[in-house]
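Before any comments, here is the structure.
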Amino acid sequence: MEWLTRPWPWYVAGPLIGLTVPALLLLGNKTFGISSSLRHLCAACLPAGIPFFQYDWKKESWNLVFVAGVLVGGIIAGLFLKNPAPMVIASATKESLQALNVHDFQGLIPGDVFNWSALLTVRGFILIVVGGFLVGFGTRWAGGCTSGHAIMGLSNLQWPSLVATICFMVGGFVMTWFGLPYLLKL
Amino acid sequence: MVTKMEEFTPQLKTRHPDEVSLRSLWAYGVIGILFGIVFVKAEIVSWFRIQEMFRLDSFHMYGVIGSAVLTGMISVFLIKRYNAKALTGEKIVIPAKVFQPGQIYGGLLFGFGWALTGACPGPLFAQIGSGYSVVIITLLSALAGTWTYGALRQYLP
């Protein structure tokens, strides 16, 4: 059982994630993509007469069931398969982050940056609220996220997905190297 | 495929295709659960792993994404090669991605958000599940972002 609670290596996780692509196709001709769930939730909860949200979201309910499953999977992994040891983080990353006022390296995410009271600080607000907004706005504008473009799109050899994936990475590098050094110190 | 029987009595026992898929929705939930477990156990939902990736300090995320894409590619190739059908009997059709400028602008904006939150949409759900309750706010912000895109769509390139 010990192998279950230890962190899983990339060569186990990657292929398992990749297998989601044929699993969804073979199950019901569904193409893998998670950010669409955000659109369906908007269409279901607050369409507000916006044409982009005027469609039969119930037909896409498989996607909502899927993300509900991801949430439940997170609960199961958090409750029963939790790694008892602190995370092993690359020492270079750890040192750079310490220099930027990040000090909690125990969990999967830094507890001193992401917590309820941090929401009221400039740093917390930007990382949690502005960051979340950019994820939702950006993925929809791009027509997909890491799953829809990087995994599904590249698997199907779609060059627009390669363009999107490169832009995801460029955006991430720019924010990490030029944005976070200021934002984390706020 | 319309049989003669159905042609004459269409109201008789012809199940609507939607009903069939509704019955099998639970299977998508099961795949989602497995996917969520992998997300947490391989620490893909970790803000630190995303930082390591963008700081080029670890191979982990590159290995995960690379081997996922490779597995997906081989699977799609085999599905096309053997004309595999879905369990529902449908022919498998993968819609092509059409290029639009949003893939560049939106892609960059998502990249910024990815580095800030350390999460793409999938991991957001898994982070909440694994007990990081404040991520509910990140998810609500992402929903607000998606909604705002929908509202502004006509003014964007």
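Nothing in this text is a laboratory measurement; each read-out follows from the coordinates by a stated rule. What you are looking at is a predicted structure, and each value in this text was computed from that prediction instead of being measured. Cβ coordinates were reconstructed from backbone atoms using ideal geometry, including for glycine residues, and neighbour counts include every protein chain displayed.
Quick look at the values:
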read-out: Å³ per residue enclosed by the Cα convex hull of the stretch A:1-85; value: 125 Å³
read-out: Charged-residue dipole, Cβ positions (Lys, Arg, Asp, Glu), chain B about Cα centre, Debye nearest 20; value: 360 debye
read-out: Relative contact order for chain A, counting Cα pairs under 8 Å that sit 6 or more residues apart, in percent; value: 25 percent
read-out: Distance between the stretch A:110-186 and the stretch B:113-142 - C-alpha centres, whole angstrom; value: 11 Å
read-out: Between 0 and 90°, nearest 10: helix A:131-142 axis offset from chain A longest Cα axis; value: 30 degrees
read-out: Likely footprinting exposure, A:VAL129, B:VAL40, B:VAL30, fewest C-beta neighbours within 10 Å first; value: B:VAL30, A:VAL129, B:VAL40
read-out: Longest DSSP-loop-exposure-free segment, trypsin sites (Lys or Arg not before Pro), chain B, at most 13 other Cβ within 10 Å; value: B:16-157
read-out: Value of D in µm² per second that Stokes-Einstein yields for chain B, Kirkwood Rh from Cα pairs, at 4 °C (1.567 mPa s); value: 66 µm²/s
read-out: Kirkwood Rh and Cα Rg combined as Rg over Rh, evaluated for chain A; value: 0.98
read-out: Debye log10 I(q)/I(0) at q = 0.07, 0.14, 0.16 Å⁻¹ for the protein assembly as shown, Cα point scatterers; value: -0.29, -1.12, -1.47
read-out: Alpha-carbon centroids, the stretch A:1-48 and the stretch B:26-93: separation in whole Å; value: 7 Å
